[in-house]
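Engineer: Got a structure for you, questions after.
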Amino acid sequence: MRIVAKSGVAAAALIAASPLLAAEPGAPAAEGERIYQSVCATCHGNDGRGEPGRRLFSIDMPDFTECSFATREPDADFFAVAHEGGPVRAFSPIMQGHGATLGEEGIRSALAYVRGFCSDPRWPRGELNLPRPLYTEKAYPEDEAVATVDANVNRGTDVRIELLYEKRVGPKSQLELTLPFRVREQPSGGDTHGGIGDVALGAKHVLFHSLEWGQIASLGAEVSFPSGDRKDGLGTGTTVFEPYLAAAQIIAEDGFLQAQVLGEIPVDRDRADNEVQGRLAIGWSLAQDRGFGRVWTPMLEFIGTEVLPKTGPDVFEADLVPQLQVTLSRRQHVMLNAGVRIPLNHTQTRPTRVAVYVLWDWFDGGLLEGW
């Protein structure tokens, strides 16, 4: 078995494929070692570090002892490349498929052995990196870039564009930078103004993760700065702190729940209101071509917001967001998600919005690679 690496990392799809065909916990260790040493070690090395394949083929080989790579890829991705060969994920044909010779059980046994090369339990497994909803923050720390467009369907022009960059730091942490832009019709005169919004910096840290239970939970925070023009409605005019708790649960084989609870706390309450918000997403991933092809993930997201104005009664707002995510590249590291945010109450004053994002998991390869 030769899993050929991607641009210095590894052959694998985006983790959105969920734990399809995951290695069985009871696979005999001795059988897995026998298969690996007789079939895989020729290229990947007895110790899993990628020699002699790296020298023989002059290509980047994955290092299975490197936890930063090995843990973030779910068994489904390793299985796809081992079963079908490198081209199934737009990698080199040097990586041959072994589905016909080893069968599913043989590949699972070898995968169970490969997992032992990384022995650091701090790193959450890639099966817990679930598909990204439009609004609910993921609990898993990632290396991603996301461009989102969110616009009114009715009740005046209001287009929001958000560029998000996420960088994983160590086993459990993540830093992020958000650059927002907005084009908004002014309520008073009908003129439309656009420009940069309130730039934000954020961080996230995993509190708990368990592959056995299919669970992960993280604590995070974001700080937005008053870089947008408040007069034109492009920013709040004050610094806002946003602490949150995010969690996820795998249900069945390819289903999942994701949840987030957050607060928005402005420094100047004369310029922005306090908010408490709950977000819940449920989804199911379906893969084409016997589980090796494009992945479709329909999701339904519920958002409840309690606005706590300085004066007057509290205001509760509820929204429902049906959406569909699909992987675009063969490597499954570039994907699209589109949905509609439908207000469930105060519908006379609140608009329906459409939202679309393009996500690039840059750890898995360049934006133009893997197609």
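The values are calculated or read from the model by the stated rules, or taken from the named source; none is laboratory data. As the structure is a computational prediction, the values presented were derived from the model and not from experiment. As a convention, Cβ positions derive from the backbone with ideal geometry for all residues, glycine included, and neighbour counts pool all protein chains shown. When the accessible area is computed, the model is the full protein with side chains, heavy atoms only, and any ligands, DNA or RNA have been set aside. Shrake-Rupley method; radii C 1.70, N 1.55, O 1.52, S 1.80 Å.
Engineer: Using Cβ-Cβ distances only, list the Cys residues of the chain with no partner cysteine under 4.7 Å, sorted by number.
Structural biologist: Those would be CYS40, CYS43, since no other cysteine Cβ in the chain comes under 4.7 Å of theirs.
Engineer: Whole-Hz Karplus ³J(HN,Hα) for segment 283-291, in order, using 6.51 cos²θ - 1.76 cosθ + 1.60 and θ = phi - 60°, x for Gly and Pro?
Structural biologist: Karplus values, whole Hz, x for Gly and Pro: x, 8, 9, 10, 9, 7, 6, 6, x.
Engineer: Taking the Cα-to-Cβ direction at ARG290 and at VAL276 and moving 7 Å from each Cα, how far apart do the two end points lie in nm?
Structural biologist: 5.2
Engineer: Here's another thing I want to ask about it. Based on DSSP loop calls and a cut-off of at most 11 other Cβ atoms within 10 Å, the longest stretch of the chain free of exposed trypsin sites (Lys or Arg not before Pro) is what?
Structural biologist: Here the longest segment lacking exposed loop sites spans 1-121.
Engineer: What is the set of long-range amide H partners of VAL199 at a cut-off below 5 Å, with H atoms built 1.01 Å from backbone N?
Structural biologist: Long-range HN contacts for VAL199: PHE225, SER227, GLY228.
Engineer: Under the definition of Cα pairs under 8 Å and six or more residues apart, what whole-number percent is the relative contact order of the chain?
Structural biologist: Answer for the chain is 15 percent.
Engineer: If you don't mind, another one. Treat each spin label as a single point 7 Å out from the Cα along the C-beta direction, and report the THR347 to SER119 distance in nm.
Structural biologist: 6.1
Engineer: Identify which of THR327, THR65, THR101 has the largest mean-square fluctuation in a Gaussian network model of the chain, with springs joining Cα atoms closer than 10 Å.
Structural biologist: THR101
Engineer: Could you tell me how far the Cα centroid of segment 204-229 sits from the Cα centroid of segment 59-111, in Å?
Structural biologist: That distance is 30 Å.
Engineer: Just add up the charged neighbours of ILE35: K/R +1, D/E -1, any other residue whose Cβ is under 13 Å from the Cβ of ILE35.
Structural biologist: -2
Engineer: Turning to a different aspect of this structure: Of the accessible area of the chain, with the probe set at 1.4 angstrom, what percent is carbon plus sulfur?
Structural biologist: Reported share for carbon and sulfur atoms: 60 percent.
Engineer: Taking the alpha-carbon distance from LYS204 and a cut-off under 24 Å, which lysines remain once sequence neighbours fewer than 8 residues away in the same chain are dropped?
Structural biologist: The reachable lysines, counting only those whose Cα sits under 24 Å from LYS204, are LYS138, LYS167, LYS172.
Engineer: Sticking with this structure for a sec: Let me check against my output: what whole-number percent is the relative contact order of segment 126-175, with C-alpha pairs under 8 Å and at least 6 apart?
Structural biologist: 31
Engineer: Distance in nm between label sites at LYS231 and THR42, each 7 Å beyond Cα in the beta-carbon direction?
Structural biologist: 7.3
Engineer: Under the rule of -39500 (n - 2.57) per DSSP H run of 4 or more residues, summed and divided by the residues of the chain, what mean residue ellipticity at 222 nm is obtained, to the nearest 500 deg cm²/dmol?
Structural biologist: -3500 deg cm²/dmol
Engineer: For semi-axes √(5λ) of the Cα gyration tensor in Å, several values are listed as (1) 43, 19, 18; (2) 32, 25, 18; (3) 43, 22, 19; flag the one computed from this structure.
Structural biologist: (1)
Engineer: Would you mind checking the tilt of helix 99-115 against the longest principal axis of the Cα atoms of the chain, expressed as 0 to 90 degrees and rounded to 10?
Structural biologist: 70
Engineer: Let me check against my output: what whole-number percent is the relative contact order of segment 154-210, with C-alpha pairs under 8 Å and at least 6 apart?
Structural biologist: Over segment 154-210, the number comes to 33 percent.
Engineer: Here's another thing I want to ask about it. Would you work out the charge dipole size for segment 54-200 about its Cα centre, treating the Cβ of every Lys and Arg as +1 and the Cβ of every Asp and Glu as -1, and quote it to the nearest 20 debye?
Structural biologist: 200
Engineer: Taking the alpha-carbon distance from LYS231 and a cut-off under 23 Å, which lysines remain once sequence neighbours fewer than 8 residues away in the same chain are dropped?
Structural biologist: Excluding near neighbours in sequence, the set is LYS310.
Engineer: How big is the charge dipole of the chain about its Cα centre, in debye rounded to the nearest 20, if each Lys and Arg gets +1 on its Cβ and each Asp and Glu gets -1 on its Cβ?
Structural biologist: The calculation lands at about 440 debye.
Engineer: Rounding to the nearest 20 debye, state how big the charge dipole of segment 121-267 is about its Cα centre with +1 on each Lys and Arg Cβ and -1 on each Asp and Glu Cβ.
Structural biologist: In total the dipole reaches around 260 debye.
Engineer: Something else about it: Angle between the Cα long axis of helix 75-84 and the longest principal axis of the chain, 0 to 90 degrees, nearest 10?
Structural biologist: 50
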